[in-house]
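Undergrad: Starting off with a structure, shown below.
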Amino acid sequence: MKTPRIVRNKIALAGLIVILLYVLMSIVSLFWLPFNPVAMNSAEVLQGPSLASGHLFGTDEFGRDVLSRIMKGTSVSFIISVSATALGAVIGIFMGVWAGYLGGKTDNAIMRFADILFAFPSLLLAIFIMAILGEHTYNVVLAIGIVYIPQFARISRGSIIALKGNEFIRAAKSNGAGRTYILRHHLLPNITAPLIVQISLSLSTAILLESALSFLGLGVQPPDPSWGNMLSSARKVMMFAPWTAIYPGLAIVLLVLGFNLLGDGLRDILDPRLRNVR
Amino acid sequence: MGKYIVKRLLSLIPVLIGVSLIVFFMVRLIPGSALQMYMGTQVEATPEQMEQLKRLFGEDKPIPVLYIEWVGDIMRGDFGYSLRTGRPVLPDILSRLPISLELTLYSLVLALLIGIPLGILSSLKQDTFGDFLNRIIGLIGLSLPQFWLAALMVIAFSSSQGWIPMGNYVSLFENPLQNLKMFFLPSLAIGFGFAAVVMRYTRNSMLEVLQMDYVRTAKAKGLPKRKVIIIHALKNAILPVITVTGFNAGYLLGGSIVIEEVFALPGMGRLALYAINQRDYPVIQAIMLVIASLFVLVNLVTDLVYAMADPRIRLVDEEK
Amino acid sequence: MHETTILQVEGLVTEFKSERGIVNAVNKVSFDLERGQTLGIVGESGSGKSVTNLSILRLIEYPPGRITGGKVLFHDQDLLSVSENEMLSIRGKHISMIFQDPLTSLNPVIKVWKQIAETLMLHQGMKKQEAKKQAIELLRIIGIPDPEMRAECYPHQFSGGMRQRVMIAMALSCNPDILIADEPTTALDVTIQAQILDLIREKKEQYQTSVIMITHDLGVIAEMCDQVCVMYAGRIVERAGVEALFGSPKHPYTRGLLESIPRMGNVGTQRLHSIKGSPPDLANLPPGCPFRDRCDKAMDICASQLPPEVVLQEAEGERTVACWLYPQEGKHGRA
């Protein structure tokens with residue numbers, strides 16, 4: 001009756017294109033950057049964006065090229081958000097499927113644990129984990145991954161439990177199919193749709209969490225550039241050199257938007273029933 | 001309703017016990033060597049600090065005993081002493097709590113005030129250009145880092161008198177107007193993303209509710225459109241929005257910590273960051289405990305508000 | 001328009017935009033409703049009977065639906081051309097509706113008395129307390145035991161039959177001229193169905209209300225109605241008094257419908273008749289009679305030309321039928 005399906009597909013496509021552009025930028029940055037992203041240059045401190053000097057996005061308080069640092073930071077953001085999501089997804093899905101499939105005491109224990117982790121707001125939990133583990137890039141992955149575990153556990157458990165009551169599972173059981181067989185052939189393939197959407201949204205949140213941690217000085221440590229710590233150091237100079245704050249922020253917004261668009265589109269394509277889930 | 005409240009209160013106990021266990025053991029995960037290194041930098045530890053360290057890491061007692069003693073102390077309102085200043089932790093937290101709470105509540109109110117009307121509007125104009133624009137802006141809102149938005153606000157409004165707090169904090173009771181003005185931008189920075197979430201939920205939920213038979217009944221009664229939407233549709237459509245609000249209260253609470261840093265507001269977030277930088281573990285522990293308990297409490301309040309808004313929940317529970 | 005005619009529908013057309021094109025859910029439908037009469041509209045699901053009645057109250061959602069033609073004359077006023085504000089004072093006050101599923105038709109989060117009182121406050125200008133009293137009184141009249149207590153309840157605390165009683169109380173609260181009942185018993189248990197039908201009949205007589213009864217159940221028609229319209233694919237194919245219709249159905253579709261009802265005498269001795277095939281796709285109706293693919297009396301002309309309504313004069317009175325079996329010897333009805 002309406003045409004939104006096409007529009008939504010376009011939305012997913014737009015998201016995918018944005019993400020691919022970033023991937024491209026990240027690959028290019030491995031081989032070529034306009035300037036050395038870590039070399040300080042006292043002669044070119046805090047220059048505004050200009051075509052003539054070649055500093056398209058200007059320079060920071062150490063005379064480093066902002067664009068080069070943003071490009072270099074792309075890989076950092078990708079690596080952290082992908083590995084943190086992978087960590088949280090693998091452990092969380094394992095726990096959730098296990099809990100949902102076995103039920104009973106195992107289920108209760110696992111889900112109570114997830115409830116308790118849920119009692120901490122995600123950014124706070126990540127901050128505190130960083131405080132305990134110490135500031136290091138690996139620890140950022142660990143902290144965000146831990147935050148994600150209960151989220152993936154809850155979603156996969158819910159889907160498994162919803163599926164378990166279905167006729168086709170009972171039919172498979174009565175045909176003598178073993179537990180592992182049912183799990184692998186009937187349950188897991190059917191919970192992929194909500195998980196794919198969750199993964200896409202988790203990737204976007206991971207980028208936000210990483211940048212917040214780095215902004216607070218708890219994430220990626222200078223001189224390694226990350227969008228978050230670029231913003232952190234920009235705070236001191238942003239009043240008279242706003243480009244140091246604007247461009248790294250835009251880099252975050254666009255990539256996160258890309259993942260959100262993809263997630264939104266995927267949700268509508270894969271499973272219209274999930275429309276109300278964030 | 002009474003029975004429902006009691007039931008929900010009782011269900012909080014295991015969660016709170018779990019939270020305290022996590023907080024207790026997480027601090028114990030810190031490698032001992034790191035602590036010794038820390039103590040090495042401290043030239044002279046006061047007796048209180050030595051005592052505090054023993055309480056944290058006391059090697060002389062088994063861990064379960066330490067845990068029970070710790071919980072007992074907290075029940076008596078003794079959250080321990082700062083390793084850095086030697087002062088008791090609780091008064092410091094209590095003096096900063098109102099700022100964080102105000103930021104959280106203020107941002108929540110702003111988010112609802114922006115999100116609900118826009119969501120309704122979007123649902124009424126479904127699939128028009130305005131609706132499309134609304135959804136795109138909503139998605140951008142979800143993608144904005146709160147601290148970056150805050151930084152942009154600081155850049156843009158730095159010359160406007162009174163909008164940017166920057167060190168001259170005025171409490172709500174001293175000067176409500178000035179306080180609300182100064183907290184406006186920080187709260188907007190925290191709540192903007194959540195406003196987008198609220199808008200999306202309100203829109204989807206309204207779209208669903210507007211299809212319902214009871215909306216048709218209301219129209220068949222001769223109610224004007226405005227009343228149909230506000231009285232009949234919104235009362236139902238708001239239910240999922242309540243749930244998502246409870247779910248995201250933590251996001252607002254967490255946001256307030258980062259935003260306090262940007263706007264230099266002396267709230268709990270700044271205390272937490274200071275404590276983390278200083279490796280002041282008793283303070284970190286106490287803040288973690290307070291914030292998690294607050295969040296648990298917020299979820300309880302959400303459930304109660306939901307039960308008040310949806311008679312089906314509350315009455316089913318009472319009949320049991 | 002006769003003296004006694006209270007509602008006259010003429011050439012009503014309602015179309016819906018769908019992915020596959022424009023669908024004429026209601027296609028040139030005409031009928032009269034006499035004062036105090038019960039008019040039945042019967043047909044399969046999708047035949048346009050509900051849409052017809054939603055169109056009378058202009059409750060068609062645009063988009064996707066739209067009333068594109070015809071007149072609905074009520075008290076010499078064409079409801080299709082009055083302003084939306086005037087329409088508001090007709091809905092619920094002069095013409096009210098009850099729906100198929102009373103659970104989903106009542107608002108789950110609003111107390112029962114408020115849902116009834118709302119209409120009273122809106123149309124009768126009552127104050128809240130007065131309206132509440134009247135709502136409780138209506139609940140009593142409609143047969144809800146302990147109405148003071150039940151008024152404070154929410155719809156989900158009522159049984160299905162009780163909920164439909166509440167709907168009826170709400171619909172009758174302003175003493176309307178016309179009550180449109182859209183499948184009022186379909187969602188209910190069989191034992192409750194009869195109670196609800198009795199209630200509608202009783203209140204109709206008490207308040208002198210005219211009723212339009214929409215149903216797919218010929219049993220309900222036989223029990224409740226004076227006049228019957230049979231709808232098929234958005235059109236009225238036959239219209240007659242209830243006895244004439246059951247006694248000598250003219251249209252092959254009506255005959256098929258009647259033969260598909262089990263009768264006590266036939267049980268076990270004769271196979272039930274069923275109409276072969278399924279209703280046509282409204283999004284692309286071929287020319288000619290929409291029933292011809294399922295009709296065992298189809299002729300050549302049925303494939304090319306739409307049969308007009310023909311008026312037949314009988315001893316019991318006038319009736320119309322739209323079928324080529326009845327050549328236009330008499331005068332034409334409304335096409």
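Nothing in this text is a laboratory measurement; each read-out follows from the coordinates by a stated rule. In this text the structure is predicted, and so the values were computed from the model without any measurement. Every residue, glycine as well, gets a Cβ built from its backbone with ideal geometry; the counts of neighbours run over all protein chains shown.
Undergrad: When you look at the Cβ of every residue in C:95-104, what mean number of other chain Cβ atoms sits within 10 Å?
TA: 3
Undergrad: If the elastic network links every pair of Cα atoms under 10 Å, which of A:G15, A:G158, A:G178 fluctuates the most in the Gaussian network model of chain A?
TA: The residue with the greatest mean-square fluctuation here is A:G178.
Undergrad: Something else: Would you please classify the overall shape of the stretch C:103-173 from the alpha carbon gyration tensor, given that a ≥ b ≥ c denote the square roots of the eigenvalues, rounded means a/c under 1.5, and beyond that prolate means a/b larger than b/c while oblate covers the rest?
TA: The shape class here is prolate.
Undergrad: Another question about this same structure. Which of the three applies to chain A, rounded, prolate or oblate, going by the alpha-carbon gyration tensor with a ≥ b ≥ c and a/c under 1.5 meaning rounded?
TA: prolate
Undergrad: List the relative contact order of chain A as a percent without decimals, with contacts defined as Cα pairs under 8 Å and 6+ residues apart.
TA: Computed over chain A, the figure is 27 percent.
Undergrad: Show me the trypsin sites (Lys or Arg not before Pro) within the stretch A:1-94 that DSSP assigns to loop and that have at most 13 other Cβ atoms within 10 Å of their Cβ.
TA: Hits after loop and neighbour filter: A:K2.
Undergrad: Can you run phi through the Karplus equation (6.51, -1.76, 1.60; θ = phi - 60°) for the stretch C:313-319 and list ³J(HN,Hα) in whole Hz, with x for Gly and Pro?
TA: 9, 10, 4, 6, x, 7, 8
Undergrad: In percent, how large is the relative contact order of the stretch C:103-173, given Cα pairs closer than 8 Å and 6 or more residues apart?
TA: Taking the mean separation of contacting Cα pairs over the length of the stretch C:103-173, I get 44 percent.
Undergrad: In a GNM of chain C with a 10 Å cut-off on Cα contacts, which of C:P287, C:P147, C:P308 has the highest mean-square fluctuation?
TA: C:P287
Undergrad: By counting other Cβ atoms within 10 Å of each Cβ, how are C:K132, C:K297, A:K236 ranked from fewest to most?
TA: The order, fewest Cβ neighbours first, is A:K236, C:K297, C:K132.
Undergrad: Sticking with this one: Which of rounded, prolate or oblate describes the protein assembly as shown when judged by the alpha-carbon gyration tensor and an a/c cut-off of 1.5?
TA: Prolate is the answer for the protein assembly as shown, as a/c is 1.5 or above and a/b outweighs b/c.
Undergrad: Something else now. Using a 10 angstrom cutoff on alpha carbons, build the Gaussian network for chain B and name the most mobile of B:G191, B:G250, B:G86.
TA: B:G86
Undergrad: Same structure again: Highest first, please rank the peptides A:104-111, B:152-159 by the mean number of other Cβ atoms sitting within 10 Å of their residues.
TA: Result, highest mean Cβ count within 10 Å first: B:152-159, A:104-111.
Undergrad: Take chain A, mark every one of the chymotrypsin sites (Phe, Trp or Tyr not before Pro) that falls in a DSSP loop and has at most 15 other Cβ within 10 Å, then report the longest stretch left between them, sites excluded.
TA: The reported range is A:33-239.
Undergrad: Right, another one. In whole Hz, what ³J(HN,Hα) sequence does the stretch A:64-70 give by Karplus (6.51, -1.76, 1.60; θ = phi - 60°), x for Gly and Pro?
TA: Result, ordered by residue: 8, 6, 5, 4, 4, 5, 4 Hz.
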